[in-house]
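Engineer: Quick one: structure below, then a few questions.
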Amino acid sequence: MSDRLEGILPVVQTAFGDDGAIDHASMERQIEFCLRAGVNGLVYPVLGSEFMFLSDNERRDLVGFIVKCAAGRIPIIAGVAGPSTAMAVEHAAHARDIGADAVIAMPPYISVATPEQIFDYFRAIAEAAQLPVIIQHSPKGPGMNVAFLKRLLAEVENIHYIKEEMEPSAHNISELVEAEIPGCWGIHGGGFCRWMMSELDRGATGFMPSVEIVDIHVRIWEAYQSGNVDGAREIFNLIAPLILLNLNLFLPAVKQVLVRRGILTSGRMRQPGIPPLDEADCREIDVALAAVSHLFIDHRI
């Protein structure tokens, strides 16, 4: 296992049955699928996991479940964000205690904190976790900019990574990479990998996509790392329609692809107010999948 977190580190989706309860069998199928795909780590729970709609007990139990299922085969990055410092610290300490390898958090997300409150929040997370910390720089977690991220990386022990999703994400990655900040071990892309090729060219050291086509993300990463940049871009261009669908339809599209691939049994969401996919949405998903199905691994377990 590498000391650095790099490569393809997918965000595990929370699987619910049609009754709304946690579907542990589908969660385990996701993990095994990711391992077979050759991922470099797993991230859970963050925005793509619907973490804000899980109880604290569910969050703790599921992080422990994923650590147990992975059984040390790849690093587990635990999402520890909270609406307050005290709540985030509890999750960070739990992540340390159950054997996570790193933690990730965005700033407090219910009300906007001041810059100093955000600084203290991340410092408290780092102290509680005693693990490498990844800062998620996302529109869902306001109150930071690139200058502020540089300060966190430079001044807080254990903060070593950024997941950069704030627009213009590619430009932000360039600025962070070019700053050569001591203590910065890597800058990761997110946002459904919508700028993956540009961010690779700018020095991104990893990506955190959703799970549904992570086997293809691994192919792109490996092609690029081997020097086959044209081949990586050719594959990326094939998944662009799916990325567009995810950006427009968000997690319902992700989950429907996982259902179609036999990994989830249900596309059930917990987030209120999400419009259901209609027949035309599902048709677009099927067309986009047909164009890339030859790149899939055999995920049946």
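A short reminder: the numbers here are calculations on the coordinates, not readings from a lab. For clarity, every value in this text was computed on a predicted model and none was experimentally measured. All Cβ positions, glycine included, derive from the backbone under ideal geometry; neighbour counts span all protein chains shown.
Engineer: Compute the longest continuous run of the chain that contains no exposed trypsin sites (Lys or Arg not before Pro); treat a site as exposed when its DSSP state is not H, G, I, E or B and it has at most 16 other Cβ atoms within 10 Å.
Structural biologist: Working: sites that count: 4, 73, 140, 270, 300.
Longest site-free region, per DSSP loop and neighbour criteria: 141-269.
Engineer: At what distance in nm do the modelled label points of residue 266 and residue 167 sit from each other, each positioned 7 Å from its Cα along Cα→Cβ?
Structural biologist: 3.5
Engineer: Also, I was wondering about something else. Are there DSSP H segments in the chain that both extend 18 Å or more along their axis (alpha-carbon positions) and score a mean Kyte-Doolittle hydropathy of at least -0.5? List them, or say none.
Structural biologist: Details: long enough: 24-37 (20 Å, -0.31); 56-70 (21 Å, -0.23); 85-98 (20 Å, 0.07); 115-129 (21 Å, 0.03); 229-249 (29 Å, 1.09).
Taking the DSSP H segments of the chain (at least 18 Å long, mean hydropathy at least -0.5), we get 24-37, 56-70, 85-98, 115-129, 229-249.
Engineer: When the chain is fully extended, how far beyond the present Cα-Cα distance does residue 52 get from residue 287, taking 0.36 nm per residue of separation?
Structural biologist: Values: separation 235, 0.36 × 235 = 84.60 nm, distance 3.17 nm.
Taking residue 52 through residue 287 to full extension adds about 81.4 nm, to one decimal.
Engineer: Dividing the Cα radius of gyration by the Kirkwood radius, what Rg/Rh value follows for the stretch 7-295?
Structural biologist: On the way: Rg = 18.0 Å, Rh = 19.1 Å.
That ratio equals 0.94.
Engineer: Label the stretch 202-282 by shape, choosing from rounded, prolate and oblate, from the square roots a ≥ b ≥ c of the eigenvalues of the Cα gyration tensor; if a/c is under 1.5 it is rounded, and otherwise prolate applies when a/b is larger than b/c, oblate when it is not. Before the final figure, lay out the partial values.
Structural biologist: On the way: a/c = 2.30, a/b = 2.25, b/c = 1.02.
It is prolate, given that a/c is not under 1.5 and a/b is the larger ratio.
Engineer: Mind checking Rg over Rh on the stretch 102-197, alpha carbons, Kirkwood formula for Rh? Walk me through the numbers before you get to the answer.
Structural biologist: Numbers: Rg = 12.4 Å, Rh = 13.3 Å.
Ratio of gyration radius to Kirkwood radius for the stretch 102-197: 0.93.
Engineer: If R₀ is 41 angstrom, what is the calculated FRET efficiency for the pair residue 97 and residue 228, using the beta carbon separation as r and rounding to 0.05? Write out the running numbers ahead of the final one.
Structural biologist: Details: r = 42 Å, r/R0 = 1.03.
For residue 97 and residue 228, the calculated efficiency is 0.45.
Engineer: Can you tell me how much longer the chain between residue 278 and residue 240 gets when fully stretched, taken as 0.36 nm per residue apart minus their C-alpha distance, in nm with one decimal? Each step should come with its number before you reach the end.
Structural biologist: Values: separation 38, 0.36 × 38 = 13.68 nm, distance 2.09 nm.
Going from the current span to full extension adds 11.6 nm.
Engineer: Let me ask another. At 0.36 nm per residue, minus the direct Cα-Cα distance, what do residue 36 and residue 150 gain on full extension? Give it in nm, one decimal, please.
Structural biologist: Numbers: separation 114, 0.36 × 114 = 41.04 nm, distance 3.57 nm.
Answer, rounded to one decimal: 37.5 nm.
Engineer: Within the chain, what is the longest stretch that has no GluC sites (Glu not before Pro) placed in a DSSP loop and near at most 12 other beta-carbon atoms within 10 Å?
Structural biologist: 1-156
Engineer: Determine which lysines satisfy two conditions relative to residue 163: a Cα distance under 23 Å, and not lying fewer than 8 residues away in the same chain.
Structural biologist: By straight Cα distance, residue 163 reaches 140, 150, 255.
Engineer: Given the rule -39500 (n - 2.57) for each run of at least 4 DSSP H residues, summed and divided by the residues of the chain, what is its mean residue ellipticity at 222 nm, to the nearest 500 deg cm²/dmol? Display every interim value, and only then the final one.
Structural biologist: Values: 11 runs with 140 residues, N = 301.
The per-residue figure over the chain is -14500 deg cm²/dmol.
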